[in-house]
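The values are calculated or read from the model by the stated rules, or taken from the named source; none is laboratory data. What you see is a predicted model, and the numbers here were worked out from it, not measured in a lab. Using ideal geometry, Cβ is built from the backbone for each residue, glycine included, and neighbour counts are taken over all protein chains shown. Each accessible area value is taken on the protein alone, full model and side chains, heavy atoms only, with ligands, DNA and RNA left out. Shrake-Rupley method; radii C 1.70, N 1.55, O 1.52, S 1.80 Å.
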Amino acid sequence: MTDYARLIDTATWAFIRASEAAYPADTSGFSFAQHRATYDAMCAVFRRPLPDGISTSEVKVAGVPCRIYHGGQPTVIYYHGGGYFLGGLQSHDDVCAEICARTGLTVVSVDYRLSPEHHHPAAHDDAVAVTLEIATQGAVLLVGDSAGGNLAASVAHALRAHPVEVLGQVLIYAGLGGDPDKGSYLTHAQAPMLTTADVIASARLHHGGKLPVADPTAHPLCDTDFAGLPPTIAIAAECDPISDDSAAYAAAITADGGRAVAVTEAGLVHGYLRARHTVPRAAASFTRICDGITDLSLGRWPPRSLK
């Protein structure tokens, strides 16, 4: 059994307990509206005011609601996490604002369609459509956490067929379709914040009750071709069942001649972006994420913060 008492420090445990208090484990009988309201309330517990000088606007891009955090170019396109059935523009509002403030770049947050009202490939199609429209106006970077990291990667794979400039992708504790019977899916099957059973249940919900088979639009690790992908930073939380996906994805890209690096953040758990102001390890990781985005925007490789 994994010794989380040893791996996870006091500050991270405080974050876990605060998260559990806001979103209890026993949600049997919850409607999806109740799940979403509870998730949004949990995110609000950790929300910080937007940095000074950050302005936003609400727009539709390719018919999809988006929020723009105004800055310079290139544009960062952000796909939020939430297991494909939770989250939206508000749940990750402060994260996107702080990325904008730290990098100086424009950030576009994508409010893609959610399950179960909209099964796969609805979210993927929304993410691709938004990115294509923005990318016709200039270079872009793709960033996402959890389910949003999966969407970022699936968009990167899809955009190889289009004449657009993708400068890089930053995937934050992304579930990319690893084997649920191996590695971290077993070692961290009962991890705090996310279990392997949660991952499988979310996937079933997203796909109408059936798990996808060899579909790279759903599971980028199922692709047979990893050539031509943009420079990639894949960041995992150590205490997370999907931790191994990041290393496997980076390895697949480098094996096909691309540039990719994977980082596993020691002692951190799924969802730690919300802890970036209260947990030193999460704060350090968020700095690496923002520095990595900056480096990719400038064409620097390897990223300075990950050397």
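Exactly one residue among Ser19, Ser31 is of a type in the set (S, T, N, Q), over 21 Å from Ala123 (Cβ atoms) and out of contact with any Ser or Thr (no Cβ under 8 Å at 6 or more places or on another chain), and that residue is Ser19.
Just one of the listed residues (Tyr112, Tyr84) is aromatic (Phe, Trp, Tyr) and open to solvent by less than 20 Å² (accessible area, probe 1.4 Å), and it is Tyr112. Pairs meeting the criteria (first residue in segment 1-30 and within 19 Å of Ala189 (Cα to Cα), second residue open to solvent by less than 70 Å² (accessible area, probe 1.4 Å) and of a type in the set (Ser, Thr, Tyr), beta carbons under 8 Å, at least 6 apart or on different chains) are Thr12/Tyr272. Assessment of segment 261-269 against the conditions (in a helix (DSSP H, G or I) and open to solvent by 20 Å² or more (accessible area, probe 1.4 Å)) yields no matching residue.
Determine whether Thr56 is without any contact (Cβ under 8 Å) to a residue 24 or more places away in the chain, in contact with a Phe, Trp or Tyr (Cβ under 6 Å, 6 or more places away or on another chain) and closer than 19 Å to Leu273 by Cβ. Criteria not met by Thr56. For Gly138, the criteria (1) open to solvent by 10 Å² or more (accessible area, probe 1.4 Å); (2) in contact with a helix residue (DSSP H, G or I) (Cβ under 9 Å, 6 or more places away or on another chain) hold in every case but one, which is (2). Looking only at residues of segment 1-23 that are of a type in the set (Asp, Glu) and more than 19 Å from Ala44 (Cα to Cα), we find that the one that is least open to solvent (accessible area, probe 1.4 Å) is Asp9.
Does segment 125-134 include one or more residues that are open to solvent by 20 Å² or more (accessible area, probe 1.4 Å), touching a residue at least 40 places away in the same chain (Cβ under 8 Å), in contact with a Cys (Cβ under 8 Å, 6 or more places away or on another chain) and closer than 20 Å to Leu296 by Cα? No, segment 125-134 has no match at all. Scanning segment 62-81 for residues that are open to solvent by less than 60 Å² (accessible area, probe 1.4 Å), in contact (Cβ under 8 Å) with a residue 40 or more places away in the chain and under 19 Å from Gly104 (Cβ atoms) yields Arg67, Ile68, Tyr69, Pro74, Thr75, Val76, Ile77, Tyr78.
Being under 15 Å from Asp245 (Cα atoms), among the hydrophobic types (A, V, I, L, M, F, W, C) and crowded, with 18+ Cβ neighbours inside 10 Å is the filter here, so list the residues in segment 162-202 that pass it. Across segment 162-202, the qualifying residues are Val170, Leu171, Ile172, Ala174, Leu176, Leu194, Val199.
In a strand (DSSP E or B), of a type outside the set (S, T, N, Q), over 30 Å from Ser184 (Cα atoms) and open to solvent by less than 30 Å² (accessible area, probe 1.4 Å): does that describe Val59? When the stated conditions are applied, Val59 does not pass them.
Identify, please: which residue in segment 195-252 is in a loop (DSSP other than H, G, I, E, B) and of a type in the set (A, V, I, L, M, F, W, C) and is, among those, nearest to Gln169 (Cα to Cα)? Among those that are in a loop (DSSP other than H, G, I, E, B) and of a type in the set (A, V, I, L, M, F, W, C), it is Leu229. Is it fair to say Thr294 is open to solvent by less than 40 Å² (accessible area, probe 1.4 Å), part of a helix (DSSP H, G or I) and among the polar types (S, T, N, Q)? The answer is yes for Thr294.
Residues are listed down the side, and each one gets a yes or a no for (1) closer than 16 Å to Thr2 by Cα; (2) more than 19 Å from the chain's Cα centre (by Cα):
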position	(1), (2)
Gly183	yes, yes
Ala191	yes, no
Thr195	yes, no
Ile200	no, no
Pro212	no, yes
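Of all residues in segment 149-161, count the ones that are surrounded by fewer than 16 Cβ atoms within 10 Å (Cβ to Cβ) and at pLDDT 95 or above. Total meeting the criteria: 1. Scanning segment 209-249 for residues that are within 22 Å of Arg113 (Cβ to Cβ) and either open to solvent by less than 10 Å² (accessible area, probe 1.4 Å) or touching a Ser or Thr at 6+ places or on another chain (Cβ under 8 Å) (or both) yields Pro216, Thr217, Ala218, Pro220.
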